[in-house]
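Okay, structure first, notes after.
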Amino acid sequence: MEIAHIPESLREEGIGILKPQFFVLENNLEAVARHMLIFSLALEDPEKMGLQERSETFLEVWGNALLRPPVAAFVRAQADVLAHLVPEPDRLEEQLPWLSLRALKFRERDALEAVFRFWAGGEKGPEAFPMSRLWDSRLRHYLGSRYDARRGVSDWDLRMKLHDRGAQVIHTQEFRRWRDTGVAFELRDSSAYHVPNRTLASGRLLRYRGECVAARGYWGDVATGPFVAFGIEADDESLLRTSNGQPVKTAGEITQHNVTELLREVAAWGRARASRGDPEEQQSSEASPEPGTPAAPTPESFTVHFLPLNSAETLHHKSCYNGRFQLLYVACGMVHLLSPELGACVAPGGNLIVELARYLVDVRQEQLQAFNTQVGEARAAGFAPQTEARPSETFARFCKSQESALGSTDPAVEPGTPSLDVLAQPLEASSPAPEGLIQPLQGGTPHCEPCQLPSESPGSLSEVLAQPQGALALSNCESDSKTGVS
């Protein structure tokens, strides 16, 4: 959900976008499907689903390996709707005007439809995706000989790594529960969480008895947890208050507060745009029977475009991307993409924000220092550090040098490509897994992975950063009247 932070990043950088266009690149279609599901949840009609129910559903779908039956029913219903809309772009645009899949290839749309049909329950029963067993198998593979002492390992990782790096609000019990069961946000009685979260499933090609076979399994995070995304900072300082040296609120409670406020802001965005002078939107806002009821953003507020898988390396071949963007956001797992070609997509004077690897528990201190040094080499892509930016151990900020603009057109440029305002590339994939982590895959298109097993513990920084970590994002500051995207 890193894309949710992009508007906040734009405000911090002083960039105003009247009608932002989000372009999302992924390396697997399961992640694309999750984005579509979470966006449809965030933009759900307030009359159908209240703010609290939406925030609780978001937390469970996003951060829990097991769901409550009502949330699982919502996922099945939404997945069934999306499965019928994906093959029909015109109908999709009519019912979900904020979403565009026109850039995807036909085979990618077919595979995306298969993902939604699996979520909708095309393969019945919990054994179609036995999440509890898959989670335990992945944890055993991750811990190796330390599995029997997993509670001690969990406490060590929390206190000696996450707490030391600034995430003191994460409580021991909630971190242990997540490590053991995959349930990060327990909003009801623990017995209510027993339905596998199929949105965490993904397909891979793995070596099995000497042959590469298609398999479905879980290759997500079992080390750091989802708490650091929304649960360790808050605008309301009272949430971070301590008593006798212990935080009063848990990371789960802070996460729920932050997500609720984020969804409230999304719901109010349409009214804010109307108040800035669009007569039609203003009239519809004034005609609302409940003035205090949040209204979902109007269809023309923004558009999310999903681009073909793994297309980031070809951006510089498109003339419409050269020198166009005002903000580039790169997550720690995407630093290897910082290159002169990518830098050419940022306008002179544009900003670069790089997420640092501070909260990756498997990264040692010397590796963190080496990673920060690597980030500092963004100068090779035409960026210079922002000297006036406030110091941060979580993000590094740069500015595109005026003299580094590449005004020439690439000879391989392809004309006629839609213009781009915001581009995001979150990563979902992780390393392959041993036999206990996989299920036979029926339907859909698996993605090619190395047919070999990873080592039980990461031996280098590059192996650690191969875990799913964040996004790459570009942003343009053009207004509605100038953007070339419909």
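The values are calculated or read from the model by the stated rules, or taken from the named source; none is laboratory data. The structure displayed is predicted, hence computed values, not measured ones. For the accessible areas, the whole protein counts, side chains as well, though only heavy atoms, and no ligand, DNA or RNA atoms are used. Shrake-Rupley method; radii C 1.70, N 1.55, O 1.52, S 1.80 Å.
Some points to look at:
- Taking amide H positions as modeled 1.01 Å from N, with prolines and chain starts lacking one, the residues under 5 Å from residue 24 and 5 or more places away or on another chain are 305, 306, 307, 424.
- Carbon and sulfur %, accessible surface of region 57-118 computed with the full protein complex present, 1.4 Å: 52
- Apolar share of the accessible surface for region 200-240: 46 percent from carbon plus sulfur atoms, 1.4 Å probe.
- Counting only residues at least eight positions apart within a chain, or on another chain, the lysines with an alpha carbon under 19 Å from that of residue 318 are 105, 482.
- Solvent exposure ordering (accessible area, 1.4 Å, most first) of 186, 108, 393: 393, 186, 108
- Gap separating the Cα centres of region 187-232 and region 385-403, nearest whole Å: 35
- Table column - 3J(HN,Hα) (Hz), region 335-352, Karplus curve with 6.51, -1.76, 1.60, x for Gly and Pro: 4, 5, 7, 5, 8, x, 5, 5, x, 5, 7, 9, 5, x, x, x, 10, 10
- Accessible area in the full protein assembly, largest first, 1.4 Å probe, for 362, 189: 189, 362
- Region 30-169, accessible area per residue, ligands and nucleic acids excluded (1.4 Å, Å²): 44
- Computed with every protein chain present, the accessible area of residue 368 is close to 20 Å² [probe 1.4 Å].
- Centroid-to-centroid separation of region 65-104 and region 124-138 [C-alpha atoms, Å]: 23
- Proximal lysines to residue 161, defined as alpha-carbon separation beneath 21 angstrom and excluding residues fewer than eight positions away on the same chain: 249
- Average projected area [Cα convex hull, region 114-165], square nanometres: 5.5
- An ellipsoid equivalent to region 58-103, defined through the eigenvalues of its Cα gyration tensor, has semi-axes of 26, 11, 8 Å when rounded to whole angstrom and sorted largest first.
- Relative counts (whole %) of C-alpha pair distances in region 50-158, using bins that are 10 Å wide: 12, 29, 30, 20, 8, 1
- Each residue of region 101-110 was assigned a 3J(HN,Hα) from its phi angle through the Karplus expression (A = 6.51, B = -1.76, C = 1.60, θ = phi - 60°), giving 10, 5, 7, 5, 6, 4, 5, 6, 5, 4 Hz with x at Gly and Pro.
- For residue 394, the solvent-accessible surface computed with a 1.4 Å probe is close to 30 Å², ligands and nucleic acids excluded.
- Three principal axis lengths of region 170-265 [C-alpha, angstrom, descending]: 57, 32, 24
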